[in-house]
Amino acid sequence: MSEPLIFEQSRPGRTGVSLPEMDVPRRPLSELVPEKFLRRKAPQLPEVSEIQLVRHFTRLSQRNFSVDTHFYPLGSCTMKYSPKINEKVAALGGFANLHPYQREEDVQGILELMYEMEQFLKEICGMDRFTLQPAAGAHGELLGMMLVRAYHASKGRSPARVIVPDTSHGTNPASAAVSGLKVQVISSGGDGLIDADSLAAVMDDDVAAVMSTNPNTLGLFESEIRKIAEMAHAHDALMYYDGANLNALMGICKPGETGFDIVHLNLHKTFSTPHGGGGPGGGPVGVKQKLAPFLPVPLVQKEGERYYLNYSSPQSVGKIRAFYGNVSVIIKAYAYILSLGGEGLARASRAAVINANYLLNKLKDAFPAPYGERCMHEFVLSASNLKEHGVRALDVAKALIDKGFHPPTIYFPLTVPEAMMIEPTETETRETLDDFAEAMIEITREAQSNPEALHESPRRAFSRRLDEVKAARKPRLRWRENQ
Ligand SMILES: *Cc1c(COP(=O)(O)O)cnc(C)c1O
């Protein structure tokens, strides 16, 4: 089962390619490339045969969990299946061979697509304008905070604080801090929602924005959100919507109609780009009209039948990314939205919510459900009932790997001890949900009968249990040393 590095499999002279004979005269490299750019030493590349190469990377690809191979209920991350047709569409030559330096007249098609995408997102979110530039959710948040500062500055104000609830995703306070604002955390109420009184106690004219995820990371809809927005707006603070959880609300509720001024979406969670490997993402940011002048340039505009990139925007915060964002991700999201249609998006969200509630109700007797028996697209359970057997959420997560499931998110949100945050998504069958529930319940039985075995898990994975802190801080990347 062990897999040496490809460099260790290398043998001098072995090769996986054969090139045709040259059909042009041979010339020394130094005639073609300036001397200073020429290598002095040959590059150290592995020399392997084609079959070695194929086996090496195929084996490596099989070592991991993926949505294409396993159920992946990683709460907050929306690891749903992304239809392959959308990959195919994005790879069409007419899209894939475009270059950002092409003349506007020659790329009217992609400009039209981006223009229409903006109209779709405005409709879905109830916002007035969108930029498609940011490359990820946290990138969108950072832009959002830059817009907040630009908005206040344009009014000659410089409020310094951003309020985030204690259940917020870690990127929220991080983005606020990176943009130079001060973070103030407020505790949620006993029901897991933002507590209007706690918010009232800290609201004043020094608050620049309130950030909120709705449904929040406990999978609960902030039912007081309009009142919260009114409280913020009374001090001219802006409402920021972390839309990574939009999978619960598409076609059902528009954040713009519940008082939010800025939203970011994660195209790579909700709109059909697979994620988790750090690959290209999309974090479009939508705003209400009062913030539109500050959006990054360029925006795609339409004049008659012609589409163009508008760079003239005197109050713009500038550019947030090279060119226009990750265009392939925008194309996939566009294809996804068109293939489902408005009604289809709403059905997807309803199915996501039903699947989560189904699973919650199958598991609520096996694990404490601190926030009740109803949820939106995800829910949080606690593994605290297994503590008496010396078993923790980490053990449950590792035991799930042995049973063929990716673990849920654990120890987040921080407000729930031994938290396990589960998001099944709409793309899973009832049978898969039943199998997962059975595996979780079986683990509670094993916690009673044989807790030691759970501490040993995973036993059927390529890696046994790691010292995770050490693995992150001091990774040992050479295979031989790991033996
Ligand atoms: C994933 C996520 C983010 C961050 O998105 P990235 O694309 O990973 O930067 C922010 N907030 C919530 C609630 C998320 O789930």
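The values are calculated or read from the model by the stated rules, or taken from the named source; none is laboratory data. Treat the numbers as computed from the prediction; the structure is a model and nothing was measured. Note: ideal-geometry Cβ built from the backbone for every residue, glycine included; neighbour counts use all protein chains shown.
Numbers for the structure displayed
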| item | result |
| --- | --- |
| Tally, over segment 68-102, of residues that are within 16 Å of the ligand (Cβ to nearest atom) and not charged (D, E, K, R) | 9 |
| Enumeration of residues in segment 438-476 that are surrounded by fewer than 18 Cβ atoms within 10 Å (Cβ to Cβ) and among the hydrophobic types (A, V, I, L, M, F, W, C) | A439, I441, A453, A461, F462, L466, V469, A471, A472 |
| Qualifying positions in segment 394-413 - among the aliphatic types (A, V, I, L, M) and part of a helix (DSSP H, G or I) | L394, V396, A397, A399, L400, I401 |
| Residue match in segment 135-156 (condition: in a loop (DSSP other than H, G, I, E, B), crowded, with 20+ Cβ neighbours inside 10 Å and of a type in the set (V, I, T)) | no |
| Meets criteria (within 16 Å of the ligand (Cβ to nearest atom) and modelled with pLDDT of 95 or more) for M239 | yes |
| Subset of segment 163-181 that is assigned to a loop (DSSP other than H, G, I, E, B) and within 14 Å of the ligand (Cβ to nearest atom) - its residue that is farthest from L218 (Cα to Cα) | G170 |
| Filter result for the condition that a residue is surrounded by fewer than 20 Cβ atoms within 10 Å (Cβ to Cβ) and in contact (Cβ under 8 Å) with a residue 40 or more places away in the chain, over P413, P424, P407, P370 | P370 |
| Single condition A356 does not satisfy, out of (1) of a type in the set (A, V, I, L, M, F, W, C); (2) under 24 Å from F65 (Cβ atoms); (3) more than 16 Å from the ligand (Cβ to nearest atom) | (3) |
| Residue within segment 242-253 that is over 23 Å from the mean Cα position of the chain (by Cα) and over 20 Å from G170 (Cβ atoms) present | no |
| Residue in segment 320-357 that is modelled with the lowest pLDDT, counting only those that are under 22 Å from the mean Cα position of the chain (by Cα) and among the charged types (D, E, K, R) | R321 |
| Given (1) in the same structural domain as S272 (by TED's automatic domain parsing); (2) modelled with pLDDT of 95 or more, index of the condition F71 fails | (1) |
| Hits in segment 122-133 - residues which are within 17 Å of L338 (Cα to Cα) and surrounded by fewer than 24 Cβ atoms within 10 Å (Cβ to Cβ) | K122, E123 |
| Among the candidates A136, A160, residue that is at pLDDT 95 or above and within 16 Å of the ligand (Cβ to nearest atom) | A136 |
| Qualifying positions in segment 266-293 - more than 9 Å from the chain's Cα centre (by Cα), in a helix (DSSP H, G or I) and either within 9 Å of the ligand (Cβ to nearest atom) or not small (G, A, S) (or both) | Q289, K290, L291, P293 |
| Options M79, M114: the member that is in contact with a strand residue (DSSP E or B) (Cβ under 6 Å, 6 or more places away or on another chain) and modelled with pLDDT of 95 or more | M114 |
| All positions within segment 246-263 that are closer than 21 Å to A346 by Cβ and within 15 Å of the ligand (Cβ to nearest atom) | L246, N247, A248, L249, P255, F260, V263 |
| Residue tally, condition of a type in the set (S, T, N, Q) and surrounded by fewer than 15 Cβ atoms within 10 Å (Cβ to Cβ), over segment 84-98 | 1 |
| Residue ID - surrounded by the fewest Cβ atoms within 10 Å (Cβ to Cβ), chosen from residues in segment 257-289 that are closer than 21 Å to V148 by Cβ and aliphatic (A, V, I, L, M) | V287 |
| Residue within segment 301-324 that is free of Cβ contacts under 8 Å to residues at least 60 places away in the same chain, β-branched (V, I, T), more than 15 Å from the ligand (Cβ to nearest atom) and over 30 Å from K387 (Cβ atoms) present | no |
| Within segment 184-210, considering residues that are free of Cβ contacts under 8 Å to residues at least 60 places away in the same chain and within 16 Å of the ligand (Cβ to nearest atom), the one surrounded by the most Cβ atoms within 10 Å (Cβ to Cβ) | V210 |
| Residues located in segment 93-122, provided they are under 15 Å from L265 (Cβ atoms) and without any contact (Cβ under 8 Å) to a residue 12 or more places away in the chain | Q119 |
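Here is a yes/no grid of residues against (1) of a type in the set (D, E); (2) touching a Pro at 6+ places or on another chain (Cβ under 8 Å); (3) at pLDDT 95 or above:
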| position | (1), (2), (3) |
| --- | --- |
| P4 | no, no, no |
| E8 | yes, no, no |
| R11 | no, no, yes |
| V17 | no, no, no |
| E21 | yes, no, no |
| P28 | no, no, no |
| E31 | yes, no, no |
| T58 | no, no, no |
| S61 | no, no, no |
